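Data first, discussion second: the structure below is written as structure tokens.
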Amino acid sequence: MQSPHLTGLSQAELSDFVASLGEPAYRGRQIFAGIQARRLRSFADMTDLPNELREKLGENATISTLTLESRYISSDGTRRYLFKTHDDYPVETVFIPEERRDTICFSSQSGCPLQCTFCLTAQLGLLRNLTSGEIVEQIIVALNDAYGVGTRTPRGTNLVGMGAGEPFLNFDELIKATRIMKEPSGLHIVPNRITVSTAGIVPRIRELATIPDRPHLAISLAAPNDELRNELMPINKKWPIEQLMAACRDFEKSLKRGERFTFEYVMLDGVNDSDEHARQLANLLHRYRLHAKVNLIPHNPAEPLPYQPSPRDRVEAFQQILESKGVHAFIRRPRGQDILAACGQLAARTTPRSSEAVL
Ligand code: SAH
């Protein structure tokens, strides 16, 4: 059996763990700060602990389970990390530098069980759920690589749960990871800075609405009617649009002042991008009295996906129709396409532009 992965423990759980080794509670707080605030990757680096304790920890626990296989750097500065878990499953994380605040896109599963026809991750199938520790560790490594070990992040960081996997099929570990990350004595990334995206796992959308300190929500829609959505996102057969929208309607009631949620709409040339689709989408949102905004994501192509991105003028026309009907729509700029780091491109592939990481 694998020894306990302390990166996935809350501060209280860490205190219990150190107590089980016969150590006082304050050691738990020190170790928590070592992992989460100083972002150390080995017990040996925790020089504020006695040597003997560091050795004992090394024999009984671990804090780094992800092994970096490769790091890819895009011409736009985006970085993709390809890790292996201790049991040899791929995990990918993307660091996206932005003008105001950088974003880290993390994975919740290795592979993905959903079979969205436009997404490369689907081709892996589900390999396994990631643990809370494996989720938090992705963030720690990406922060260290971007800013240096233990340094303060210059502008704070946004997180998006939009990497590989369906976060709401790994809900408990996801929420646990967000609780660990919000600790002021640790990473201190509050849920308000985190957005998780779902393909529409309706019961978990309803559950998220009941969690007081919860991340923001995004829903991947991709089609404005059941016929097309069944084809593009087979999960729609389980939770059709009507059920999804009813859950969104209820979710909206739980929003705090100024909080919005988002629909993501991948734009596939000649498939879901007509004027009629835009009108259907606007009508759908009106019918459920939703105020959510829509992010239009031009399809990121990758072999062997059978789609092309909608041309720019089509995306703009689609946006115009939504706006003219009072729906706020934004066109997302693809990032990291050249290293297969953009939305829907994570499939543990190797690409050129690999470089040594300094972690
Ligand atoms: N399973 C979750 C989390 C993944 S988020 C979800 O579906 O929401 C990944 C986002 O990228 C989703 O909005 C998805 O619709 C979008 N996407 C998937 N494949 C894409 C592609 N090839 N090009 C552009 N966007 C894509």
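The values are calculated or read from the model by the stated rules, or taken from the named source; none is laboratory data. Bear in mind the structure is a predicted one, so any value in this text is a computation, not a measurement. Using ideal geometry, Cβ is built from the backbone for each residue, glycine included, and neighbour counts are taken over all protein chains shown. Quick note on the areas: whole protein, heavy atoms, side chains included, nothing else; ligands and nucleic acids left out. Shrake-Rupley method; radii C 1.70, N 1.55, O 1.52, S 1.80 Å.
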Farther than 30 Å from Gly34 by Cα, in contact with a helix residue (DSSP H, G or I) (Cβ under 7 Å, 6 or more places away or on another chain) and in contact (Cβ under 8 Å) with a residue 24 or more places away in the chain, is that true of Arg206? yes
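Residue check: is Asn192 without any contact (Cβ under 8 Å) to a residue 40 or more places away in the chain, polar (S, T, N, Q) and more than 16 Å from the ligand (Cβ to nearest atom)? So that I can check it myself, show each step before the final result.
Working: without any contact (Cβ under 8 Å) to a residue 40 or more places away in the chain: yes; polar (S, T, N, Q): yes; more than 16 Å from the ligand (Cβ to nearest atom): yes.
Spelling it out, Asn192 is indeed without any contact (Cβ under 8 Å) to a residue 40 or more places away in the chain, polar (S, T, N, Q) and more than 16 Å from the ligand (Cβ to nearest atom).
Criterion first (basic (Lys, Arg), modelled with pLDDT of 95 or more and surrounded by fewer than 21 Cβ atoms within 10 Å (Cβ to Cβ)) does Arg289 satisfy it?
Details: basic (Lys, Arg): yes; modelled with pLDDT of 95 or more: no; surrounded by fewer than 21 Cβ atoms within 10 Å (Cβ to Cβ): yes.
No; evaluated as a whole, the condition is false for this residue.
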Just to be sure before I move on: is Val94 farther than 25 Å from Glu264 by Cα, open to solvent by less than 20 Å² (accessible area, probe 1.4 Å) and in contact with a Phe, Trp or Tyr (Cβ under 9 Å, 6 or more places away or on another chain) in the structure I sent? no
Go through region 324-346 and give me each residue that's in a helix (DSSP H, G or I) and either aliphatic (A, V, I, L, M) or exposed (fewer than 15 other Cβ atoms within 10 Å of the Cβ) (or both). Ser324, Ile339
Report the residue count in region 45-88 for those that are assigned to a helix (DSSP H, G or I) and polar (S, T, N, Q). 2
I'd like to know if region 122-145 contains one or more residues that are surrounded by fewer than 21 Cβ atoms within 10 Å (Cβ to Cβ), of a type in the set (Ser, Thr, Tyr) and farther than 25 Å from Ile297 by Cα. yes
Sort out which residues of region 1-32 are under 24 Å from the mean Cα position of the chain (by Cα), aliphatic (A, V, I, L, M) and open to solvent by 30 Å² or more (accessible area, probe 1.4 Å), and write them in order of number. Leu9
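Can you name the residue in region 297-315 that is assigned to a helix (DSSP H, G or I) and loosely packed, with under 14 Cβ neighbours inside 10 Å and is also farthest from the ligand (Cβ to nearest atom) among such residues? I'd like the intermediate steps shown before the answer.
Of all residues in region 297-315, those assigned to a helix (DSSP H, G or I) come to 312-315.
The next check asks that each one be loosely packed, with under 14 Cβ neighbours inside 10 Å; those that pass are 312-313.
Details: Arg312: 15, Asp313: 18 Å.
By that ranking, first place goes to Asp313.
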State whether one or more residues within region 330-350 are in contact (Cβ under 8 Å) with a residue 40 or more places away in the chain and more than 21 Å from the chain's Cα centre (by Cα). no
Only one residue in Val327, Val266 is within 12 Å of the ligand (Cβ to nearest atom) and either in contact (Cβ under 8 Å) with a residue 24 or more places away in the chain or farther than 30 Å from Ala209 by Cβ (or both). Which one? Val266
Subset of region 147-165 that is farther than 16 Å from Gln36 by Cα and open to solvent by 20 Å² or more (accessible area, probe 1.4 Å) - its residue that is nearest to the ligand (Cβ to nearest atom): Met162
Can you find even one residue in region 269-280 that is part of a loop (DSSP other than H, G, I, E, B), open to solvent by 10 Å² or more (accessible area, probe 1.4 Å) and more than 16 Å from the ligand (Cβ to nearest atom)? yes
Under 6 Å between Cβ atoms, at least 6 apart or on separate chains: pull out the pairs that start in region 92-103 with a residue that is under 20 Å from Pro167 (Cα atoms) and end on any residue that is of a type in the set (Lys, Arg) and modelled with pLDDT of 95 or more. Val94/Arg80; Phe95/Arg79
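Among the residues in region 145-159, are any assigned to a helix (DSSP H, G or I) and among the small types (Gly, Ala, Ser)? If you could, list the steps in order and put the result at the bottom.
So the first thing to find is which residues in region 145-159 are assigned to a helix (DSSP H, G or I), and the list is 145-147.
Among the residues that remain, those that are also among the small types (Gly, Ala, Ser) are: 146.
Looking for residues that are assigned to a helix (DSSP H, G or I) and among the small types (Gly, Ala, Ser), one finds at least one in region 145-159, hence yes.
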Being in contact with a helix residue (DSSP H, G or I) (Cβ under 8 Å, 6 or more places away or on another chain) and part of a helix (DSSP H, G or I) is the filter; apply it to region 248-268 and report the residue that is surrounded by the fewest Cβ atoms within 10 Å (Cβ to Cβ). Lys253
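I'd like the residue in region 97-117 that is among the small types (Gly, Ala, Ser) and crowded, with 24+ Cβ neighbours inside 10 Å and, out of all such residues, is farthest from the chain's Cα centre (by Cα). Before you say what the answer is, go through the steps one by one.
First, pick out the residues of region 97-117 that are among the small types (Gly, Ala, Ser): 107-108, 110-111.
Next, only the ones that are crowded, with 24+ Cβ neighbours inside 10 Å stay: 107-108, 110.
On the way: Ser107: 5, Ser108: 7, Ser110: 12 Å.
Out of the qualifying residues, it is Ser110.
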Looking at (1) free of Cβ contacts under 8 Å to residues at least 24 places away in the same chain; (2) surrounded by 20 or more Cβ atoms within 10 Å (Cβ to Cβ), which is the only condition Phe318 fails? (1)
